[in-house]
Amino acid sequence: MALAKRIIPCLDVDKGRVVKGVNFVGIRDAGDPVEIAKRYNDQGADEITFLDITASHEGRDTTVHMVEAIAEQVFIPLTVGGGIRELEDIRRMLNAGADKVSINSAAVYNPEFVKAASDKFGAQCIVVAIDAKQVADDRWEIFTHGGRKPTGINAVEWAVKMAEYGAGEILLTSMDRDGVKSGFDLGVTRAIADAVNIPVIASGGVGNLDHLVDGVKQGHADAVLAASIFHFGEYTVQQAKEHMAAAGIEMRLD
Amino acid sequence: MSSKICAVIDYGMGNLHSAHGALQTVAPDTKVVVTSDPEVILKADHVVLPGVGAIRDCMAEIRAQGIDQVVAEVRNSKPLLGICVGLQAMMDSSEENGGVDCMGLFSGQVKFFGNDLVENGEQLKVPHMGWNRVEQVAHPLWSGIADNSRFYFVHSYYVQAADASQVKGRGHYGVDFAAAMGQDNVFAVQFHPEKSHNAGLALLRNFLAWDGQA
């Protein structure tokens, strides 16, 4: 099969600035999302995802302008997540130049929103983000509020439902692993990737390049998302892609 | 000499920010305009027909706004580039949404990949989303782009050409499909050149430099 697996660097953005520290050698203004997005684009990123953690409405206007500026200069797919609660939020982000939006809590509180969004804008631009935590052997549940609030919803069943409701893709984050750098939770990744017929992006826990390989080979993910291993200059996106290709995974290297 | 004009047809289906930005980037001397005005489109030197979403909605808007009449004139007069659902709208018909008649610039059908697409025992996800290879058939729009380069695709329906001579790029995802179609001064692609990094930008640059001669 010739379809390449994807590597997606993720940037956390607050009021139009990248937070959580990005530390490229040679970039003086480390917080400029446009500059960082261009850097990842040049390194061969297959897509870029922005997680908007801005709380205020004024801040969100800044995010819209940021997306516009990036879309003018970076010609790979852009996904924007965080705070997408209404159809109007989606329209604004798509008009600004985003290709996809990622819906998280709003899907949990109101699953019909996913259906309405997919009907209106097409499944191709609707990513449903799932934050899962292991609660027992072979059971993972959805958590909201950054992993603090349990919902009792079975993550695998939820993913299947979201695909039926018109999600075009699932962004699966393991809350146990996020920031821990011990690798993806391969159990839940594989359970969901095998249960749905839409692409699954694995996220949360990447600490080295072998973790990316494991996400695809053992987790059956279609794409892998990582932040800190790229932000701190430990690895370039190109190095990650070459490592995965050397492990026998189909990648876009040209 | 006044600068050339490229019209990106806006019929209300999706954001055209990326297509506009990519075209303007590769040809700073060309004036790229996003428009639904037939007069502007017919005066332009190059015309782009994009499209996203459901084909039923796209064709309804194309007909309601008279874009089909404009395209019929453009196809006889100047370089025209279809992108994604823009390509699908140029086929005879699509089986999406229970069957939709399209504009018929190329012969063939648009078909669903299906929910049981399997290759080498592996179930393939639908939509076909991501970077896949395109095997080129000689055409000026591939100039300077390595054969089998990868482009960014996102689609659940694919073009099955009826006239093999119109296929200018071959893709494969469980089934063989037409990734690019061409006839005279019309060229259309299933992938998104505006999202396909260097290879996509090169194709757009070639399009804006193209005189419409195959």
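The values are calculated or read from the model by the stated rules, or taken from the named source; none is laboratory data. All values derive from a computational prediction rather than experimental measurement. Virtual Cβ from ideal backbone geometry, glycine too; neighbours counted across all protein chains shown.
Conditions: (1) closer than 30 Å to B:V26 by Cα; (2) part of a loop (DSSP other than H, G, I, E, B); (3) within 7 Å of another protein chain (Cβ to nearest Cβ). B:G144 meets all but one. Number of the miss? All conditions pass for B:G144, except number (3). All of B:M91, B:M129, B:M103 fail the test of being surrounded by 14 or more Cβ atoms within 10 Å (Cβ to Cβ) and part of a strand (DSSP E or B), apart from B:M129.
Yes or no, residue by residue, for (1) at positive phi; (2) of a type in the set (A, V, I, L, M):
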position: B:A138; (1), (2): no, yes
position: B:A146; (1), (2): no, yes
position: B:S149; (1), (2): no, no
position: B:G171; (1), (2): no, no
position: B:A188; (1), (2): no, yes
position: B:G212; (1), (2): yes, no
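If you take the residues of the range A:19-41 that are modelled with pLDDT of 80 or more and not basic (K, R), which of them is nearest to B:P127 (Cα to Cα)? Among residues in the range A:19-41 that are modelled with pLDDT of 80 or more and not basic (K, R), the one nearest to B:P127 (Cα to Cα) is A:N41. Given the condition buried (at least 22 other Cβ atoms within 10 Å of the Cβ), away from every other protein chain (no Cβ under 14 Å) and more than 24 Å from A:A163 (Cα to Cα), answer yes or no: does some residue in the range A:242-250 qualify? Within the range A:242-250, not a single residue is buried (at least 22 other Cβ atoms within 10 Å of the Cβ), away from every other protein chain (no Cβ under 14 Å) and more than 24 Å from A:A163 (Cα to Cα). Taking the range B:22-36 as the range and being surrounded by fewer than 20 Cβ atoms within 10 Å (Cβ to Cβ) and either closer than 21 Å to A:L78 by Cα or not small (G, A, S) (or both) as the test, the residues that pass are B:Q24, B:T25, B:P28, B:D29, B:T30, B:K31, B:V33, B:V34, B:T35. Restricting to the range B:106-126, and then to whatever is of a type in the set (A, V, I, L, M, F, W, C) and surrounded by 14 or more Cβ atoms within 10 Å (Cβ to Cβ), can you tell me which residue is farthest from the other protein chains (Cβ to nearest Cβ)? Per the criteria, the residue is B:F106.
Going through (1) buried (at least 16 other Cβ atoms within 10 Å of the Cβ); (2) within 30 Å of B:N198 (Cβ to Cβ); (3) not aromatic (F, W, Y) one by one, A:E234 falls short only on (1). Among the residues making up the range B:157-209, those that are of a type in the set (D, E) and more than 11 Å from chain A (Cβ to nearest Cβ) are B:D163, B:D176, B:D184.
Here the range B:42-84 is the region considered, the condition is being out of contact with any strand residue (DSSP E or B) (no Cβ under 8 Å at 6 or more places or on another chain) and within 22 Å of B:G130 (Cβ to Cβ), and the residue that is surrounded by the most Cβ atoms within 10 Å (Cβ to Cβ) is B:V52.
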